[in-house]
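Sharing a structure, written as C-alpha cells. Questions coming.
Taken together, the values in this text are just the output of simple stated rules run on the coordinates, not laboratory data. All values reported here derive from a predicted model rather than from experimental measurement. Positions of Cβ are backbone-derived with ideal geometry, glycine not excepted, and every protein chain shown enters the neighbour counts.
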Amino acid sequence: MLGRILSFSLLLACAAGSDLAKSRHSARTIESDETVLSVVASRKDKKTDPIKVENLFLYENGLEQKIKNFSYDPSPSRIVILVDNSQTLPTDIEKMKKAAMEFAYEIFDGDQIFVIAYDEKPEIVQEWTDDAKKIEASLTGFRKKGNPYLFDAMNAAVNEVLLPLMPGSRKTAIILIGDGLDRGSKTPYDKLLAQLESNNITVYALKLPDRTGGAYRRDQPKAAKVLDQLTEYTGGLIFDFNNAQEAAKTVCDELRHDRYLLSYSSQNSSSYDARRIFLVADQGISVRTKQAHPPNVK
C-alpha cells in the first residue's frame, strides 16, 4: 500500500452544443436548480433552541435568497489528511506523525480517515479506516524529499478519493498539514479552488511557518495566502501546527455536532457568473459556509 502513487486526472467539463449556443441573456432564469450548502452552525448564547430557517439570512451576489430547508447532518465524516512530505518543510517527521495522529484519536464512530503524503507526487499512506493503530503504523511512509506539488496532490485527493464517494457522502473535509507552498504543480490553482467550492469540500489547515519568508510569487498567491484562501473560501479554519491536539478536537467536534445542510433555489442568477455567498444569522448564532459557487457554464 505504501508508496502507491495516485494517478492524476482532471474532470472534463463537457457542455452540449445547444447549451454553448445560449446567449448570456438566455442563461438567466427566474429560478435555477436547487443549491445545497454545507454549513457550520452553533449557538453562542447558551440557548438550547434548535437553529431554524427563520434564524438565517442568505445572500447571493447581494440579493437575499429564500432558504428552502436547513437541517442537521448526522452523517459520518470522510476526512483526507494531506501531509507535505517535501524536503524543506520547517519541521521534523516525528512532529508531522504526531499531528496527523491527533485526528485519528478524535474521530467519532462511523468517521473514517484517508492519509496522503506528497512531495512531487502524492502517495497513499493509508486508505479509508477508523483504526488508530493502523493509521499509526502507516505513518512510517512520511519522509522529507523533493519539492511540494501541493495543487496536484490536492487535485488527486479531490478527484480520486473524495469525488468517488459522492453524492452519497456530503460531509467531506481535507486537513492540510503544511505551509501552503507549491513548487511545480500542473494543476491551476484557480481551477482547484473552484472545484473545492463546487463540491462543498471543506479545507482545514495546520499551518507551519512559510519557508519562503513571504516571498513574492509571480503566478500564484504567496504560501500563507494559499492557506487563507483554501480554508476561508471553502468554509474551513486555520490552526497553528503546534496546536494539533486542539485543532483535531475542534474539527472533529465541528464535523459531528455543528454541520448542517442548507438548500435554496437561486433567484435570477447567471450560469456564466460566480455566485458570491454571504450567510448571516440572528444574534447569538455563529454560522460559516463557503464564499462562492463557481460559474456553472465554463
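List every residue whose amide H lies under 5 Å from the amide H of ALA292, counting only residues 5 or more places away in sequence or on a different chain, with H placed 1.01 Å from N in the peptide plane.
Those lying under 5 Å, H to H, from ALA292 are ILE277.
Let me ask another. Give, in whole angstrom and from largest to smallest, the semi-axes √(5λ) of the equivalent ellipsoid of the chain, with λ running over the eigenvalues of the Cα gyration tensor.
Details: eigenvalues 204, 117, 61 Å².
For the chain, the ellipsoid semi-axes come out as 32, 24, 17 Å.
Using 1/(1 + (r/R0)^6) with R0 = 25 angstrom and r between the beta carbons of VAL280 and ASP253, what's the FRET efficiency to the nearest 0.05? Walk me through the numbers on the way to the answer.
On the way: r = 23 Å, r/R0 = 0.91.
The pair VAL280/ASP253 has a calculated efficiency of 0.65.
Taking the highest mean first, how do the peptides 222-229, 117-124 order by number of other beta carbon atoms within 10 angstrom per residue?
On the way: 222-229: 19.8, 117-124: 21.9.
Output ranking for 222-229, 117-124: 117-124, 222-229.
How many times 2.2 N^0.38 Å is the alpha carbon radius of gyration of the stretch 200-298?
Numbers: Rg = 16.4 Å, N = 99, 2.2 N^0.38 = 12.6 Å.
Ratio of Rg to 2.2 N^0.38 Å for the stretch 200-298: 1.30.
Another question about this same structure. Just grab the label-to-label distance for THR140 and ASN242, each label 7 Å out from Cα along the Cβ direction, in nm (one decimal).
For THR140 paired with ASN242, the spin-label model returns 3.2 nm.
Given the stretch 122-195, what whole percent of its Cα pairs are spread farther than 20 Å? Show your work: numbers first, answer last.
Details: 1069 of 2701 pairs.
Everything past 20 Å amounts to 40 percent.
From the phi of every residue in the stretch 47-60, what ³J(HN,Hα) in whole Hz does the Karplus formula 6.51 cos²θ - 1.76 cosθ + 1.60 yield, where θ is phi - 60° and glycine or proline is x?
Working through the residues one at a time gives 7, 10, 4, x, 7, 10, 3, 5, 8, 10, 9, 10, 10, 10 Hz.
Here's a follow-up. Roughly how tilted is helix 189-198, in degrees to the nearest 10 and between 0 and 90, from the longest Cα axis of the chain?
For 189-198 against the chain, the angle is about 60 degrees.
Given 0.36 nm per residue, what is the gain on full extension from PHE108 to MET166 after removing their alpha carbon distance, in nm?
On the way: separation 58, 0.36 × 58 = 20.88 nm, distance 2.05 nm.
18.8 nm is the gain from fully extending PHE108 to MET166.
Take the Cα coordinates of the stretch 179-230, assign each an equal point scatterer, and use the Debye formula without solvent to give log10 I(q)/I(0) at q = 0.22, 0.23, 0.28 Å⁻¹.
For the stretch 179-230, the Cα-only Debye profile gives -0.87, -0.94, -1.22.
Which stretch or stretches of the stretch 89-119 have amide N atoms under 15 Å from the point lying 7 Å from ASN147's Cα along the Cα→Cβ direction?
So the set is 89, 119.
Whose amide H sits under 5 Å from the amide H of VAL125, counting only residues 5 or more places off or on another chain, with H placed in the peptide plane?
Counting only residues 5 or more places away or on other chains, the set is VAL115, ILE116, ALA117.
Using only alpha carbon pairs under 8 Å that are at least six residues apart, calculate the relative contact order of the chain and give it in whole percent. All intermediate terms of the calculation are to be shown ahead of the outcome.
Working: 614 pairs, mean separation 94.5, N = 298.
Normalised by residue count, the contact order of the chain is 32 percent.
Through the Karplus equation 6.51 cos²θ - 1.76 cosθ + 1.60, θ set to phi - 60°, convert the phi angles of the stretch 234-247 into ³J(HN,Hα) values in whole Hz; use x for Gly and Pro.
With coefficients 6.51, -1.76 and 1.60, one gets 9, x, x, 9, 10, 10, 6, 3, 6, 10, 4, 5, 5, 4 Hz.
Sort 94-106, 194-206 for me by packing, meaning the mean count of neighbouring Cβ atoms within 10 Å per residue, highest on top. All intermediate terms of the calculation are to be shown ahead of the outcome.
Values: 94-106: 19.2, 194-206: 22.8.
Final packing ranking: 194-206, 94-106.
Beyond a 24 Å Cα-Cα separation, which of these cross-linked pairs lie in this structure: LYS145/LYS222; LYS145/LYS249; LYS171/LYS290; LYS95/LYS207? If you can, show how the numbers build up before the last one.
Numbers: LYS145/LYS222 21 Å; LYS145/LYS249 30 Å; LYS171/LYS290 14 Å; LYS95/LYS207 13 Å.
Going by Cα-Cα distance, LYS145/LYS249 fall outside the 24 Å limit.
Which residues' amide hydrogens lie under 5 Å from the amide hydrogen of ARG183, considering only partners 5 or more residues apart or on another chain, with H built in the peptide plane?
For ARG183, whose amide H was placed from the backbone, the distant partners under 5 Å are TYR149, LEU150.
Compute the distribution of all C-alpha to C-alpha distances in the stretch 88-219, in bins of 10 Å from 0, and list the percent of pairs in each, rounded to whole numbers.
11, 42, 36, 10, 0
So, one more: Which whole-number value in Å³ per residue fits the convex hull of the alpha carbons of the stretch 79-129? Could the numbers behind the result be given before it?
Details: hull volume 3.3 nm³, N = 51.
In the stretch 79-129, the Cα convex hull volume per residue is 65 Å³.
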